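A short write-up of the structure that comes next.
Please treat every number below as a calculation from the coordinates, not as lab data. Note that the structure is predicted; figures quoted are calculated from it, not measured. All Cβ positions, glycine included, derive from the backbone under ideal geometry; neighbour counts span all protein chains shown.
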Amino acid sequence: MKKQMNRILAGCMLIVLMASGCFKDNSDDNCTFDPCAFVVPAAETVMVEEYLSTNNITATKHCSGMYYTIINPGTGNTPEVCDGVSVKYVGTLTNGTAFDQTADPVNFNLSTLIGGWQLGIPLIKTGGKIRLYLPPSLGYGTAGYGSVPGNAVLIFDIDLVAIY
């Protein structure tokens, strides 16, 4: 019970941290956001590391505990967490099952998306592509979402089409 309460508290803290990152300083219109403010529990990082090791995947570890591979860094602008982004993506489970995808670009305000996207998409520029390996706390957490089970490690291939 205590472990579950700690996870719920950590999830709530993540939401607050991610949302608070979208307050802009009106004097210079900067969007301040600390991508290392939230670090996933060590057990979740181990889950991702085991998947990567088992599948002989080389990826870069982010300060938050997620892993990523930049497939194409892009050449345009870099988004900030308060920007709108236009993306194409595929989300899969570690067993290879696709749970969500789009063929045509879709628009989102980055600050409204799961934590892993808020941290990962700003690592590339417009025209870039990134693969994210997300621990549950940066994805859909303990509850899951739709066909995604709780505590699932998620893999996203994301193409950053535009920033608006």
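Taking θ as phi - 60° and the Karplus parameters 6.51, -1.76 and 1.60, the scalar couplings of segment 138-148 work out to 9, x, 9, x, 6, 7, x, 7, x, 7, 8 Hz in sequence order, x denoting glycine and proline. Paramagnetic label reach from Val90 (point 7 Å along Cα→Cβ; backbone nitrogen cut-off under 11 Å): within segment 124-164, residues 156-158.
Here's the picture: a label point sits 7 Å out from the Cα of Gln101 along the beta-carbon direction, and within segment 138-157 the residues with their amide nitrogen under 17 Å of it are 147-148, 154-157.
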